[in-house]
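Chemist: Structure below; questions to follow.
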Amino acid sequence: MKNLASSVKLQQQEVRVHHEYGDSASDCIRKCMAWLYSLQGLDPQDPLIPYGLTLMDNLANQAILLQIPTDATVITWLQMKKSHNMGGPSAPTHSLGMTGWF
């Protein structure tokens, strides 16, 4: 960063930096919420939906949700997360077509 500032000063140029934290974060949350409410095979009144919304304050969970390919797999992921958070057994993610544990 120090070298960049020196270089810009020597060349008498201006640098503009633009950050999009708020908009991009809210767009991601909006996409996640829309997907949760439109899951096929899950009643809109199902307690799993509000639980899924509580997971969206974690960026990793947002990224995971947006990468899960099917509604059925999202429902399974939510059920596993809820079971794990309530003291249930951890489950390997290979059943979701992924590798590792979460």
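What follows is calculated from the coordinates using simple rules that are stated; it is not laboratory data. No experiment lies behind these values; they were computed from the predicted model shown. Counting neighbours? That spans all protein chains shown, and the Cβs are built from the backbone with ideal geometry, glycine included.
Chemist: Pairs needed: first member in the stretch 54-67, in contact (Cβ under 8 Å) with a residue 12 or more places away in the chain; second member anywhere, surrounded by fewer than 17 Cβ atoms within 10 Å (Cβ to Cβ) and in a helix (DSSP H, G or I); C-beta distance under 8 Å; at least 6 residues apart or different chains.
Modeler: That search, which allows pairs on different chains as well, returns Met56/Ile29; Met56/Met33; Gln62/Cys28; Gln62/Ile29; Leu65/Trp35; Leu66/Cys28; Leu66/Lys31; Leu66/Trp35.
Chemist: A further question on this structure: Working only within the stretch 48-62, note down all residues that are under 8 Å from the mean Cα position of the chain (by Cα) and surrounded by 12 or more Cβ atoms within 10 Å (Cβ to Cβ).
Modeler: Passing the criteria: Met56, Asn61, Gln62.
Chemist: Also, quick follow-up: Being surrounded by 16 or more Cβ atoms within 10 Å (Cβ to Cβ) and closer than 17 Å to Arg30 by Cα is the filter here; which residues of the stretch 63-88 pass it?
Modeler: Those that are surrounded by 16 or more Cβ atoms within 10 Å (Cβ to Cβ) and closer than 17 Å to Arg30 by Cα: Ile64, Leu65, Ile68, Val74.
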